[in-house]
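For reference, the structure is listed below as structure tokens.
The values are calculated or read from the model by the stated rules, or taken from the named source; none is laboratory data. This is a predicted model, so every value here is computed, not measured. Because the Cβ atoms are built from the backbone with ideal geometry, glycine has one as well, and the counts that use them run over all protein chains shown.
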């Protein structure tokens, strides 16, 4: 029997996942919670074999949850179940230690296969995610060319913060933030602020 826990802030989707997965006699749902904080509280008393987690959740998102679970017990398997198929989200979940990644837009049948595969020690990628693996490697290279400050500012840009907001947040001058913006545009081969905003949202919008 494979025990599974679900972290998903949309109750209707969570209920649907539970009903579908429990049709399989090899799978039992222990509990479903709305965010990572609740999941960590429940895990203290009952640790599942596999955790299904959304990425974008209040209080503690799926990336933070995955890291916390892997720190508590590395053998527990974590599958990202997300609407995000951009390279940034996938890369962040893989870096956090996720064992699988399935899109919410995909049919439910692959999810059942994902649960069984990761429980056996395999990794499972949704077919659309597998097709992006080369792009993820390219994103990793691009990520390396940015400085730590530039990566942090890029995440703030993804949150919709202005240069002034970012300057206040970081305790620095607006001119310094604008200089970082200009450097990122050049390093990433973008044409201007609009493309930088779009790139930031595509790669880090899931972190909000």
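Mind listing whichever residues of region 20-29 are in contact with a strand residue (DSSP E or B) (Cβ under 9 Å, 6 or more places away or on another chain) and surrounded by fewer than 17 Cβ atoms within 10 Å (Cβ to Cβ)?
Step one: filter region 20-29 for residues in contact with a strand residue (DSSP E or B) (Cβ under 9 Å, 6 or more places away or on another chain), giving 21-22, 24, 26-29.
Selection gives 22, 24, 26, 28.
Can we say residue 141 is out of contact with any strand residue (DSSP E or B) (no Cβ under 6 Å at 6 or more places or on another chain), at pLDDT below 85 and outside the structural domain of residue 27 (by TED's automatic domain parsing)?
Yes: the conditions hold for residue 141.
For region 55-79, how many residues meet the condition of being modelled with pLDDT under 95 and touching a strand residue (DSSP E or B) at 6+ places or on another chain (Cβ under 6 Å)?
Counting residues in region 55-79 that are modelled with pLDDT under 95 and touching a strand residue (DSSP E or B) at 6+ places or on another chain (Cβ under 6 Å) gives 2.
Every residue in region 167-192 that is surrounded by 15 or more Cβ atoms within 10 Å (Cβ to Cβ), within 18 Å of residue 203 (Cα to Cα) and under 25 Å from the mean Cα position of the chain (by Cα), please.
The answer is 181, 184, 185, 188, 190.
Does region 151-166 hold any residues that are within 13 Å of residue 206 (Cα to Cα) and not in a helix (DSSP H, G or I), and which are they? Give the derivation first.
Restricting attention to region 151-166, the residues satisfying the condition of being within 13 Å of residue 206 (Cα to Cα) are 154-160.
159, 160 - these are the residues of region 151-166 that are within 13 Å of residue 206 (Cα to Cα) and not in a helix (DSSP H, G or I).
Please go through region 98-135 and give me each residue that is surrounded by fewer than 22 Cβ atoms within 10 Å (Cβ to Cβ) and part of a loop (DSSP other than H, G, I, E, B), ordered by number.
Across region 98-135, the qualifying residues are 104, 105, 106, 107, 108, 120, 121, 122, 123, 131, 132.
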